[in-house]
Every structure is written in structure tokens, then in C-alpha cells.
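Following: one structure in C-alpha cells, then a few remarks.
Computed from the coordinates by the stated procedures, all read-outs in this text should not be read as laboratory data. These figures come from a predicted structure and were not determined experimentally. Counting neighbours? That spans all protein chains shown, and the Cβs are built from the backbone with ideal geometry, glycine included.
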Amino acid sequence: MQAPLLLTPGPLTTTARTKNAMQYDWGSWDGDFNALTARIGSRLVGIIDGGDDYVCVPLQGSGTFAVEAAIGTLVPRDGKLLVLANGAYGKRMAQLAAVMGRRVEVEDFGETSAVDPAVVRARLAADPHITHVGVIHCETSTGILNPLPAIAAEVGAAGRALVIDAMSAFGALPLSCRELAFDAVIGSSNKCLEGVPGMGFVLVRRAALEQAEGRAHSLSLDLHDQWRYMHRTGQWRYTPPTHVVAAFDCALDQYEEQGGQPARLARYSANCKALVEGLAAIGLRSFLPAEVQAPIIVTVYAPDHPNWNFGEFYRRVKEHGVILYPGKLTAVETFRVGCIGAIEPADIERAVAAVATVLGEMGISRPRRAAPCEGGVQAVVFDWAGTMVDFGSFAPTQVLIDAFEGFGVRISLAEARVPMGLAKWDHIQALGRQEGVAQRWQQRFGAPMTDSDVDTLYSAFLPLQVERVGQYSAPIAGAVDVLAALRAQGVKIGSCTGYPRVVVDRLLPRAAADGLVVDHVVATDDLPAGGRPGPWMALDNVVALGVTDVRACVKVDDTVPGIAEGLAAGMWTVGVALSGNEVGLAEQELAALPQDERERRFDAAAATLRAAGAHYVIGTIADLPEAIARIDARLARGERP
């Protein structure tokens, strides 16, 4: 009987050579087995360029055992863990910390967004009691890749310790202690290193582990004791999974022979590309945009068809020799297909063929492709601050800081930026609900912020915003030329903003004096339905501009709510990273940064905007023409946003 093709995130398909390595029996205290264990540890530390600064502590059991051991050993009993969650595995880390009695808080980014480094910065600034931050490198619930370098930079800048669950990414995605700071990274034998299940490991900074004696809540999950015992004797404290360890050593031989991390990533990327393109060809859509899809596991929307039943679908696909994975989202029905293991694109093609056959057997027809959209893009709807004017988006944030200061409550620039893009009343309300701001408001007034308080703050904010908006009305470099080029192509120029009408009326003539003129503008209080993240302001532009096909519209914005607005309206979306709220620097400040730091900040901002659903991310409005050209080409092929 032929073994099935395991397209799961682990256990996964292994080579015959790895399986054969388990045919030999080892003595658990024998010198040869001890040498095998030491060799594996040295190789794993080498993958992160750990040198003498990091040690490998192997552990019996699944990856979750290793996560629990790392948290229980490294986080002091009087410490506090902040878990950055956007799926089931982040929530699991928080759950195990709570069960062992550690103080823990969760910053939940939802099932569709990557971790936002700006939010991390604000949380750490607001809570000095947080000692450790936990994050999932690749959240296996969806396959989303979190912006690890930017997260590590924020955690390091705040003087806290970072613990990385890299279970589904280790060995395939780059991770080096030379590039980012962390106390520990956690992996297992049965993921991207292509061993078999039964062994986890923690690569931990030696200095951090030396300080962890006596912290563990568990005898068997005490990393410090496991490390000390191994260091002294070369042996595992308790019976090791000898055959699993031998298979893992063999899998590492093959990993190195094949070219290590770069080669593993290249193969998995080819698998992922074949999978996404193959599924699209039979009418199935992947859940994540390509820009944030890690080449580990792909979450796929279930067909919207009355005949769909995952249990039946799974059974039939298994009969074709392919094992898939159920979805793990709560909001929409999905299933998951892994790209990792000892598989090649040809195996993926075989799996896609099986899926197509089964869907046909179940009477689920392929949806028809939309007709090409003739003429390309008809309209572009722009945001204002951070997108067309006000490089760094300072007008709203600084005024909000001053408005709160007038009530004796200090908020940071990072905190003020978190809800950016919302209507300003909603923005103030969201600020009042942020943990740090809420605590300071409570301390100042003895009660939580109420809607009446928001009204009072808004009344103080609005005159300040009207007074100062003209100071921030200068067009961003390239804005005037880009609008002129779009008009020359017959593209209409719309706009909308989180500013109320009274502020917009002050802004428009100043922008026009600098050559920045739009065909239509919607303020956040113009429509009874409200503003972002709803679609109404964007759709009002469609009506006012006489656009005949909303899929021929593009929304350009520097904020997450603005991207959500465009998606909700059915438009293409382009995120603006460098000039907008996510980077939040004046043009001169950005230009003064070293090139690698500018690139790091762009990558972090781009990851946030892509996770929000942006189809494309650009640096500034000057880069928009290339994105418009790509959208034109996709419209000509009949693609939809």
C-alpha cells in the first residue's frame, strides 16, 4: 500500500532514508547516542548562527511541550508575558502560561492581520510590568507570516525579552541571532526540517538560561535542569525518543546536503506557487494575499456551494492518496493545504488534480471567470493625510496629543497613531479604550472614559484641528505629477478622509494653491452611514464620479481602516508605507536614517498594510503609477479585486 501524500503542517511526508534511520535500536545512555544528541544540538544552533551564545535543549514530546517548557522556565514567576496572537497557536501560548500561573496578557490582531509593531511598541510603553513577549513566527492557523524583524526591534528597544514559537517556520524561513535579538526560539523535529514527530527543542540564549534555575513549574519541563544534566552527563534526564532522534539526525544530513535553509525555502516557495496557481485554475481562492502568504501552509476558502461538506471532501481526497487539513478559522469556512515536507511541485500538481476530481464528483462546478474589464482603471480614490499631503501624517496625531494634554492625560505619538484612519470622534473613543490610555484616564478622573467624555474631548480637538490643518497641507513629493498623469489617462480622482467637513473645507483651498486638486472629496461626517472602515465614503466617490464598474476603482491609503474601506467597497487597494502613519516620520527624519533602517521600517509598515488586505504596497504616492499599471493588466485578464 502506497503511503498517502501528507499535505499538512506536520506530521508530514518524509523520505525513505529518514524512515529507514529508525530501523536501528539505540541505547538511551550509550555513548554513541549521546554523541548523536550533541551533534543535533550543535547543528540546530548553527542554523540560527548562535555560536557559543546559544544552547540547544531538546525535549521529548510535541512542539507544544517545548513551548510550555520555554515559557515556564524563562518567564520568572513574578514576570509578565505579553502574547502577540493572530490565531490558535498564539492563544495556546497564552493559555499554557495562564495554566502555569504566570501573569499573561494577549494582544489579539484577529485572524487576518499580521502583528502590528506599532501596537507592540505602544503596549510595552504603557506597561512596564511586561518582562517577556511571545510571538508565533508563522501562524499555522492561516499561514500568515508575522514581521519578526520589526517585532524584535520593538521588543529589544523596550528592553524586554522575546520568545519565538517558530514551529512551522524553523529551517525554511531565515532566522539569525545576528539579525535580530531574542531569548529563545522553539521548534520541533517534524516540520520544515522533515523529521518525524516526538521531539521538540528550544534554542535559548545561554545567559538567559543560566538565570532561570528554579523557575520551572514542572519537573519534566524544566529546561534549565534538562540543560544542566545534559551538559554534565551528555544524557537526557528521562527516556529519550531514540528512534525519533536518529531519524532527525538523518533528516538534518539531508537538509545540509540539499543546501540548508535557502534551498529548503526555494523548494517550499515553488510548492506554494504551484499550489496557489493550481487551486486558482480550478476556481479555489487562497485566504491570504500573496504578499503575506508564508510558503508553509495555504488556507483556502471553501467553495460557496450547497453540496460542500468538508468531511465528505476530505474522505474522497484521501481515497486519491492525499491528506489535507481542516480549516482553523472562526469567521469563514476554509480548509488548509501544506507546502512542506519531502515533496516537490509535481506532488502538489497531483494533489490539485485530486481536489479537482473530487469537486467534480461532488457536483461542485468551477465558478466562471469574470469578463475582462475594458479600459482599465477608471478612478482612484485617495486618502489625504499621509497619502497626498502631510508626510508622516502629523496633523491628526499631534492635535490629538494636545487635546488629551488639555485634560491632564498624556498620550504618546505611538498610541495616537494606533486607531489612525477612523473618523476623529471614533478615533478618540478608540484611544480611550487602549489599555494604557484607559488606565491614565481612570487615574485622572476616577472613572472610565464615557461617550460624553468623548464628546467633550472632540469639542476641544476640533477647533485645534481646524486651526492647524493648514500647517500640514503641503503635497507629498510626486502627488501633483501623479494626479496629472492619471487625468491624462482619463482616470478620475476621488478622495475621502477621516477629517470632518469643517477641517476639509480649510484644507482644500490650501492644497489647491499648491496644485493639488481632486474631482470629489467626502468628509467623514458627510454621510449618515458614517466613515471607515465601512465602504460608504469610497462608494460615494463611485457614484459622484460616474464610475461604471467598481472593480475598476483603486483605493489608496496609509492606514488599516482605509484599506478595509476599499476592500469593503470592492476596490483594489494600495497601501502607502513610507509617507504614512505606519512609519510616522517626517520626510527629513526618514531621509536621515541609514538605508537598512529605512528598509526595515518600510518592511514593517508594508507587512501591516498587506496583512490588512492591501493588494499592493508602495513607498509614497510617487510610486503609484507602477501599481496602477499592474492593476490595469490584471483587469485586462478578467481578475477581480
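Listed by chain and number, the lysines whose C-alpha is less than 22 Å from the C-alpha of Lys80, apart from same-chain residues fewer than 8 away, are Lys91. Take the Cα of Asp596, go 7 Å toward its beta carbon, and the backbone nitrogen atoms of region 169-204 under 17 Å from that spot belong to 174-182.
Do any of Lys191/Lys328; Lys191/Lys555; Lys424/Lys555; Lys273/Lys328; Lys328/Lys492; Lys19/Lys273 go past 30 Å between their Cα atoms, and which?
Details: Lys191/Lys328 18 Å; Lys191/Lys555 39 Å; Lys424/Lys555 20 Å; Lys273/Lys328 22 Å; Lys328/Lys492 41 Å; Lys19/Lys273 28 Å.
As for pairs spanning more than 30 Å Cα to Cα, those are Lys191/Lys555; Lys328/Lys492.
One chain, two ends: Ala430 and Asp505. Fully extended at 0.36 nm per residue, the span grows by 24.5 nm beyond their Cα-Cα distance. With the biggest extent put first, the Cα atoms of region 1-98 measure 47, 37, 26 Å across the principal axes.
What number comes out for the charge environment of Leu193, summing +1 per Lys or Arg and -1 per Asp or Glu over other residues with Cβ under 10 Å away? Display every interim value, and only then the final one.
Values: positive: Arg43, Lys191, Arg264; negative: Glu194.
Summing Lys/Arg as +1 and Asp/Glu as -1 gives +2.
Could I get the Rg over Rh figure for the chain? Both from C-alpha atoms, Rh via Kirkwood, rounded to two places.
Details: Rg = 26.5 Å, Rh = 26.5 Å.
Dividing the radius of gyration by the Kirkwood radius yields 1.00.
Peptides 522-534, 223-235, 299-311 ranked from most to least packed, by the mean per-residue count of other Cβ atoms within 10 Å: 522-534, 223-235, 299-311. Compute the acute angle (0 to 90°) between the alpha-carbon long axis of helix 501-513 and the principal axis of greatest extent of the alpha-carbon atoms of the chain; round to the nearest 10°. Helix 501-513 sits at roughly 80 degrees to that axis.
Kindly provide the pair-distance distribution of region 394-471 built from C-alpha pairs, with 10 Å bins from 0 and whole-percent values in order of increasing distance. Distribution as computed: 20, 60, 19, 1 percent. The simple spin-label model puts a point 7 Å past each Cα toward its Cβ; for Asp455 and Ala633 those points are separated by 5.4 nm. The Cα center of region 16-60 and the Cα center of region 209-252 differ in position by 11 Å. With each label modelled as a point 7 angstrom along the Cα→C-beta vector, the Val99-Asp78 pair spans 2.7 nm.
Counted over region 24-241, the DSSP beta bridges are approximately 40% antiparallel. Evaluated with a Cβ-only charge set (Lys, Arg +1; Asp, Glu -1), the chain carries a dipole of roughly 1000 debye about its Cα centre, given to the nearest 20.
Give me the net charge for the shell around Ala605: Cβ to Cβ below 9 angstrom, other residues only, Lys and Arg +1, Asp and Glu -1.
Numbers: positive: Arg601; negative: Asp558, Glu582, Asp603.
Once positives and negatives cancel, what remains is -2.
Normalised by 2.2 N^0.38 Å, with N the number of residues, the alpha-carbon radius of gyration of region 549-593 equals 1.40.
Over region 24-241, calculate the relative contact order: mean separation of alpha carbon pairs under 8 Å at least 6 apart, over the residue count, as a percent.
Numbers: 417 pairs, mean separation 59.5, N = 218.
For region 24-241, the relative contact order is 27 percent.
Centre-to-centre, using Cα atoms only, region 435-457 and region 172-207 are separated by 43 Å. Taking Cα atoms only, the orientation of helix 223-233 departs from the longest principal axis of the chain by about 30 degrees.
Treating the angle as unsigned and between 0 and 90°, give the value, to the nearest 10°, between the Cα long axis of helix 595-611 and the longest Cα principal axis of the chain. Tilt of helix 595-611: around 90 degrees.
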